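Working notes for the structure below.
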Amino acid sequence: MFQGFSQGAVDFLWGIRFNNERSWFLAHKEEYLTLVDAPLRQLAAQVSQVMEEEFPRLGLELKVSRIYRDARRLYGRGPYKDHMWFSLRRPGEHEGAIPCFYFEIAPEYYSYGMGCYDPTPLTMAKLRARIDRDPKPLEKLARRLEKQEEFVLEGAEYKRPKGDPGPLLYPWYNRRQISLSSDHNCEGLLFQPELVGQVTEGFRFLAPYYQYLNALAADPPPPQS
């Protein structure tokens, strides 16, 4: 049962950021397993259970990050991650290319939300084509987003805008990445069992956005201009 993270979890993540080497990690491995990995998995399991019960048709699969970076993709960085996460997404595909729900903890923040951090150009072209074809469903979701203060639309934008569907949908239309994120300092609910409720309530709110983005996969490819 998730009881909250501790200041020790935050301290460990700061430690691995500034001491990203094998000897330091091995000396502090038990801290990682007890203070970071175990509560993250407890949180992930409880949130996943709620989402599976309430949204069984989404077919979500739970993935919990490992602290070890892929040795083929270090790019000069140390061998360990200094931020950890779990995600809920459709199984069987590259996780960044399809929408997913996520929770992440880092030394200076925790965050949760939903989005695609590495969608294909075809996916974003399908989004634009859908907006051109029938903007009303996304207009409804965009207005719903504007009425709350927890989640913010984020993601890299194209250097050259793809078009202008009007001020409401312009931010959706001209992104090459898309996410709805809620970012917080490492304090408050992070250290309490009530974090489970905060994250699950956020995922409930985001479910219609997930369904909208997930359905893009079934749209026909738009004609090339």
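The values are calculated or read from the model by the stated rules, or taken from the named source; none is laboratory data. All values reported here derive from a predicted model rather than from experimental measurement. Here Cβ is always computed from backbone atoms with ideal geometry, including for glycine, and neighbour counts include all displayed protein chains. When the accessible area is computed, the model is the full protein with side chains, heavy atoms only, and any ligands, DNA or RNA have been set aside. Shrake-Rupley method; radii C 1.70, N 1.55, O 1.52, S 1.80 Å.
Could you grab me the full set of residues in the stretch 20-33 that are part of a helix (DSSP H, G or I) and either open to solvent by less than 60 Å² (accessible area, probe 1.4 Å) or farther than 16 Å from Ala106 by Cα (or both)? Even if it seems obvious, please write down each step before you answer.
Within the stretch 20-33, the first condition is being part of a helix (DSSP H, G or I), and the residues that meet it are 22-27, 29-33.
Residues satisfying the conditions are Arg22, Ser23, Trp24, Phe25, Leu26, Ala27, Lys29, Glu30, Tyr32.
If I ask for residues that are assigned to a helix (DSSP H, G or I) and among the aliphatic types (A, V, I, L, M), which ones from the stretch 52-66 would you list? Steps first, please.
The initial filter retains those residues of the stretch 52-66 that are assigned to a helix (DSSP H, G or I), namely 52-54, 56-58.
Listed by number, the list holds a single entry, Leu58.
Just need a number here: residues in the stretch 102-117 that are charged (D, E, K, R) and part of a strand (DSSP E or B). It would help to see each step written out before you state the result.
Initially, the stretch 102-117 is screened for residues charged (D, E, K, R), giving 104, 108.
Now drop any that are not part of a strand (DSSP E or B), which leaves 104.
Residues meeting the conditions: 1.
Can you find a residue that is in contact (Cβ under 8 Å) with a residue 24 or more places away in the chain, closer than 20 Å to Leu189 by Cα and not small (Gly, Ala, Ser) anywhere in the stretch 73-83?
yes
Does any residue of the stretch 183-193 turn out to be open to solvent by less than 40 Å² (accessible area, probe 1.4 Å), in contact (Cβ under 8 Å) with a residue 40 or more places away in the chain and closer than 24 Å to Pro222 by Cα?
Within the stretch 183-193, none of the residues are open to solvent by less than 40 Å² (accessible area, probe 1.4 Å), in contact (Cβ under 8 Å) with a residue 40 or more places away in the chain and closer than 24 Å to Pro222 by Cα.
Among the residues of the stretch 108-124, what is the count of those that are modelled with pLDDT of 95 or more, surrounded by fewer than 18 Cβ atoms within 10 Å (Cβ to Cβ) and not charged (D, E, K, R)?
Matching residues across the stretch 108-124 total 2.
Would you be able to tell me the number of residues in the stretch 158-182 that are aromatic (Phe, Trp, Tyr) and open to solvent by 40 Å² or more (accessible area, probe 1.4 Å)?
Just the residues of the stretch 158-182 that are aromatic (Phe, Trp, Tyr), to begin with: 158, 170, 172-173.
Those left that are additionally open to solvent by 40 Å² or more (accessible area, probe 1.4 Å): 158, 170.
Residues in the stretch 158-182 being aromatic (Phe, Trp, Tyr) and open to solvent by 40 Å² or more (accessible area, probe 1.4 Å): 2 in total.
Do we find a residue being of a type in the set (A, V, I, L, M, F, W, C), closer than 24 Å to Glu61 by Cα and buried (at least 18 other Cβ atoms within 10 Å of the Cβ) anywhere in the stretch 134-141? Walk me through it before giving the result.
Initially, the stretch 134-141 is screened for residues of a type in the set (A, V, I, L, M, F, W, C), giving 138, 141.
From what's left, closer than 24 Å to Glu61 by Cα: none.
Within the stretch 134-141, not a single residue is of a type in the set (A, V, I, L, M, F, W, C), closer than 24 Å to Glu61 by Cα and buried (at least 18 other Cβ atoms within 10 Å of the Cβ).
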